[in-house]
Amino acid sequence: MPNSYQSWGRFPTVSQLDYPIRWRNNPLPLPKSPETILPFGLGRSYGDVCLNDGGVILTTRSLNRFIHFDSNSGVLRCEAGVSLAEILELCVPHGWFLPTTPGTKFVTVGGAIANDVHGKNHHCAGTFGRHLLQFELLR
């Protein structure tokens, strides 16, 4: 049954089928064609990039595991549904901070990568993607 979703801008409201992804190795549910599929994190995009009117969204918020954090180098490996707030909770006590952050910490790593977010220090630190060592895209 479709549910109603909005982005952070609160317009428009669209009807989408949602399937939660709980573990990266579980097979993805394949909708009946011609439905389109779009990942959805915390829905904090100002525009409609996280909306798929009449289609299917894969909710990634349950992909919220930290895989490894090296407190000496600051290198973190995590899943796409981890929020920047959760990263800060982990890293700040060890003396680390994200090199660039958008206007809210309530976005997921997947959303930050997909939108290549930036902060007020964009002119010197660049965008979020500039600081990625690697990421894995599952299809």
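Here, each number is a calculation from the coordinates, and none is a lab measurement. Note that the structure is a prediction, hence the values are computed from the model and not measured. Quick reminder, even Gly has a Cβ in these numbers, built from the backbone with ideal geometry, and neighbours come from all protein chains shown.
Determine the calculated [θ] at 222 nm for the chain from helices alone, applying -39500 (n - 2.57) to every DSSP H run no shorter than 4 residues and normalising by the residue count; nearest 500 deg cm²/dmol.
-3000 deg cm²/dmol
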Out of [x] 17.6; [y] 16.0; [z] 16.5, which label holds the value of Kirkwood radius over Cα pairs in Å that was computed here? [y]
Return the sequence-ordered ³J(HN,Hα) values of segment 3-18 in whole Hz as given by the Karplus equation 6.51 cos²θ - 1.76 cosθ + 1.60 applied to θ = phi - 60°, using x for Gly and Pro. 10, 8, 9, 9, 8, 5, x, 6, 8, x, 9, 10, 9, 9, 7, 10
Scan around residue 38 for amide H atoms under 5 Å from its own, H built in the peptide plane at 1.01 Å from N, and keep only partners 5 or more places away or cross-chain. 56, 57, 58
Which ³J(HN,Hα) values in Hz, rounded to whole numbers, follow from the phi angles of segment 118-131 under the Karplus curve 6.51 cos²θ - 1.76 cosθ + 1.60, where θ = phi - 60° and Gly and Pro get x? 8, x, 5, 9, 3, 5, 10, 9, x, 9, 4, x, 4, 9
Expected vector for segment 40-54, Karplus 3J(HN,Hα) from phi with 6.51, -1.76, 1.60 and θ = phi - 60°, integer Hz, x for Gly and Pro, equals 9, x, 9, x, 9, 6, 5, x, 10, 5, 9, 10, 9, 3, x
Contour minus end-to-end for residue 48 and residue 77, with contour as 0.36 nm per residue of separation and end-to-end as the Cα-Cα distance? 7.6 nm
First measure r as the distance between the Cβ atoms of residue 26 and residue 132, then evaluate 1/(1 + (r/R0)^6) with R0 = 22 Å and state the FRET efficiency to the nearest 0.05. 0.35
Two-decimal ratio, segment 64-132, of alpha-carbon radius of gyration to 2.2 N^0.38 Å: 1.02
Roughly what would the spin-label model give for residue 66 and residue 11, points 7 Å off Cα along C-beta, in nm? 4.0 nm
With +1 at each Lys and Arg Cβ and -1 at each Asp and Glu Cβ, the charge dipole magnitude of the chain around its Cα centre, to the nearest 20 debye, comes out at 60 debye
